[in-house]
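The structure under discussion appears below in the form of structure tokens.
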Amino acid sequence: MASKPPKGHFHVLYFAAAGSYTSKQVEALPAPLPLSKLFATLEGRYDGITAGVLENSLVTINLAYVDLPGTSEGGEDVMIEEGDEVAIIPPVSSG
Amino acid sequence: MEASQSGEGCYVALTLAHLDIPSLMDRVRSPEAGAIVIFAGTTRNSFASLPVSHLSYTSYPPLALRSMLAICEEVRNRHALKGVAMAHRLGDVPIGEESIVIAVSAAHRGAAWRAGEEALEAAKARVEVWKREEFEGEEVEGVWRANRDGGPGGRGRGQGRVGTQRQRQRFERW
């Protein structure tokens with residue numbers, strides 16, 4: 001979907017409500033970043049996005065769903081690395 | 001734009017073009033089948049009492065195709081289908097046209113009916129496609145729809161993140 005992020009960065013893709021909130025489809029953020037810091041990093045850039053979008057969304061890294069650390073189902077923290085493709089997946093409305 | 005993936009007895013596609021039901025039906029046609037069931041989901045002109053002027057769909061294509069193929073393989077195995085095909089249209093879809101078509105073939109009609117319904121319900125729960133409804137009149141802003149609670153997506157309604165992930169894991173085991 002997106003070209004490679006610049007050196008030392010990863011891409012975040014914003015779909016549906018996430019894209020409306022950020023007015024972007026994709027942006028590059030500095031890597032590495034622990035997954036546990038992702039929402040706080042985005043909140044720092046987009047005030048209110050956690051309550052407005054992220055709390056109802058899922059997250060993928062390189063097309064695989066990840067559980068966010070700190071939730072009751074969250075596992076080990078993982079590091080988002082340079083070149084990774086992270087996506088914010090709001091509730092789907094296919095069909 | 002057209003993207004597709006295939007597996008044994010399975011075909012899935014995303015396209016900006018009109019959905020072609022006869023060609024999707026041909027994808028599942030088999031001399032061993034006694035039934036082909038087609039489901040066509042069409043775009044409705046209202047949500048609650050609000051008149052919808054048009055709809056547009058966006059997607060995360062590589063992930064959506066992967067989820068669609070996984071659903072097709074699950075229902076094919078569960079119902080011993082001869083073939084399953086699923087195509088979703090993206091971009092602007094005028095009212096009354098097909099946004100999703102599912103075709104399944106089986107030796108007997110019972111399995112085909114059940115598999116078609118299961119494939120659709122799984123697609124609506126899991127496939128990474130989003131619908132935006134634009135309403136008639138300028139005073140009502142368009143909304144991203146969410147299937148799981150019938151309400152708008154990403155506005156703090158419905159289940160929280162943890163519940164959603166549990167739900168997803170259930171679906172993936174299902």
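The values are calculated or read from the model by the stated rules, or taken from the named source; none is laboratory data. A quick note: this is a predicted structure, and the numbers were derived from the prediction, not measured. Positions of Cβ are backbone-derived with ideal geometry, glycine not excepted, and every protein chain shown enters the neighbour counts. Note: areas computed on protein heavy atoms with side chains; ligands, DNA, RNA excluded. Shrake-Rupley method; radii C 1.70, N 1.55, O 1.52, S 1.80 Å.
What to note about this one:
- Accessible surface of B:GLU2, taken over heavy atoms with a 1.4 Å probe and every protein chain present, rounds to 120 Å².
- For B:VAL143, nonlocal amide neighbours, meaning residues 5 or more places apart or on other chains whose placed amide H falls under 5 Å from its own, are B:GLU133.
- In the assembled protein chains, B:VAL93 presents an accessible area of approximately 0 Å² (probe radius 1.4 Å).
- Residue pairs, from the table A:LYS7/B:LYS131; A:LYS4/A:LYS24; A:LYS37/B:LYS124, whose Cα atoms sit over 24 Å apart: A:LYS7/B:LYS131; A:LYS37/B:LYS124
- Taking amide H positions as modeled 1.01 Å from N, with prolines and chain starts lacking one, the residues under 5 Å from B:HIS54 and 5 or more places away or on another chain are B:GLU134.
- Sequence of B:GLU128, A:GLU81, B:GLU97, A:GLU76 from largest to smallest accessible area, 1.4 Å probe: A:GLU76, A:GLU81, B:GLU97, B:GLU128
- FRET efficiency estimate (nearest 0.05) - Cβ-Cβ, B:ASP92 to A:GLU81, R0 41 angstrom: 0.65
- Computed from phi, the 3J(HN,Hα) profile of the range B:31-46 under the Karplus parametrisation 6.51, -1.76, 1.60 (θ = phi - 60°) reads x, 8, 8, x, 7, 10, 10, 10, 10, 10, x, 10, 7, 8, 8, 8 Hz, with x in place of Gly and Pro.
- By the Cα gyration tensor, the protein assembly as shown has an equivalent ellipsoid whose semi-axes, rounded to whole angstrom, run 33, 22, 17 from largest to smallest.
- Order of exposure, largest accessible area first, which applies to B:GLU136, A:GLU43 with probe 1.4 Å: B:GLU136, A:GLU43
- Per-residue HN-Hα couplings for the range B:91-104 [Karplus 6.51, -1.76, 1.60; θ = phi - 60°; Hz; x = Gly/Pro]: x, 6, 10, x, 4, x, 9, 6, 9, 9, 10, 10, 10, 10
- Selection from B:ALA87, A:GLY19, A:PRO91, by position along the positive dipole direction of the protein assembly as shown (Cβ): B:ALA87
- Residues whose placed amide H lies under 5 Å from that of A:LEU58, excluding near-sequence neighbours: A:ILE89
- In the distance distribution for chain A, Cα-Cα pairs more than 17 Å apart total 47 percent.
- Legend: residues B:TRP113, B:TRP144, sorted from most to least accessible area (1.4 Å probe; ligands, DNA and RNA excluded), read B:TRP113, B:TRP144.
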